[in-house]
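The values are calculated or read from the model by the stated rules, or taken from the named source; none is laboratory data. Quick caveat, the model's predicted, so the values are computed rather than measured. Positions of Cβ are generated from backbone atoms using ideal geometry, with glycine treated the same way; all protein chains shown enter the neighbour counts. In case anyone asks, the SASA skips ligands and DNA or RNA and just uses the protein heavy atoms, side chains included. Shrake-Rupley method; radii C 1.70, N 1.55, O 1.52, S 1.80 Å.
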Amino acid sequence: MLDQFQAYINRYHLIAEGDRIVLALSGGIDSMVLADLLLKTKADFVVAHCNFHLRGEESDGDEKFVREFAENNGIQCFVKHFDTEQYAAENGISIEMAARDLRYAWFEALRQQLGYDKIAVAHHADDQAETFFINLLRGAGLRGLKGMQPMNGVIIRPLLWASREQIRQYTSRSEERRVGKECRSR
């Protein structure tokens, strides 16, 4: 998987030499695999975790997990707490849209504050297919049906080529046991 990851990055010029990256790290399997792959490629990155306080203690557990992962790997970690429900109510939008708006605005503000180059998110091929069908049902034109791009401005999606199954298999291989154990223990 590491070779495919590197080939995809090179093909779409997602990470140039010297790029510094803000990695959106939720603590889920997708973002943890992306973190592991970035570590293995010696990418220069920090992690950014959003606590939306939507799942009670589970949200706090995700934050703790991400903080421990970052500390154990010598990676700088930034965490932001949001009142997502209040933001959604104030703006007349769904919780999902509120969380999306809040996280991307914060990621960009953090990127600018740090002087970093890119924001990496862990969207993968299954997310891409889901986005296509949602856009199709909404009556999107050709632009909307193209789905997510590997790079959109400063947002990069280095796992867009991988399926959810490939990501799961990566965590179960013997040489990747550490990531799999971290993700499965949650």
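Residues in region 107-126 that are open to solvent by less than 40 Å² (accessible area, probe 1.4 Å) and either among the aromatic types (F, W, Y) or in contact with a helix residue (DSSP H, G or I) (Cβ under 9 Å, 6 or more places away or on another chain) (or both): how many?
Qualifying residue count, region 107-126: 9.
Please work out if Q86 is of a type in the set (S, T, N, Q), under 17 Å from A122 (Cα atoms) and out of contact with any strand residue (DSSP E or B) (no Cβ under 9 Å at 6 or more places or on another chain).
No: the conditions fail for Q86.
Answer yes if at least one residue in region 80-88 is over 30 Å from A16 (Cβ atoms) and either under 16 Å from the mean Cα position of the chain (by Cα) or aliphatic (A, V, I, L, M) (or both), and no otherwise. Steps first, please.
Within region 80-88, the subset over 30 Å from A16 (Cβ atoms) is 81-88.
Then keep just the ones that are either under 16 Å from the mean Cα position of the chain (by Cα) or aliphatic (A, V, I, L, M) (or both); that gives 88.
Yes: one or more hits.
Among the listed residues M1, M32, identify the single one that is in contact with a helix residue (DSSP H, G or I) (Cβ under 6 Å, 6 or more places away or on another chain) and surrounded by 22 or more Cβ atoms within 10 Å (Cβ to Cβ). Before the answer, list the steps.
Numbers: M1 fails: surrounded by 22 or more Cβ atoms within 10 Å (Cβ to Cβ).
Answer to the selection: M32.
Hey, among the residues in region 151-174 that are over 11 Å from K118 (Cα atoms) and touching a Phe, Trp or Tyr at 6+ places or on another chain (Cβ under 7 Å), which one's least open to solvent (accessible area, probe 1.4 Å)?
So the residue we want is P158.
Identify the single condition in (1) open to solvent by less than 70 Å² (accessible area, probe 1.4 Å); (2) modelled with pLDDT under 95 that F132 does not satisfy, given that it satisfies every other one.
That leaves (1) as the condition not met.
Cβ-Cβ distance below 7 Å, separation of 6 or more or different chains: which pairs start in region 25-37 with a residue that is closer than 18 Å to F107 by Cα and end on one that is at pLDDT 95 or above and among the charged types (D, E, K, R)?
S26/D62; G27/D62
Take the residues in region 11-29 that are of a type outside the set (A, V, I, L, M) and within 20 Å of S163 (Cβ to Cβ); name whichever of them is most open to solvent (accessible area, probe 1.4 Å).
R11
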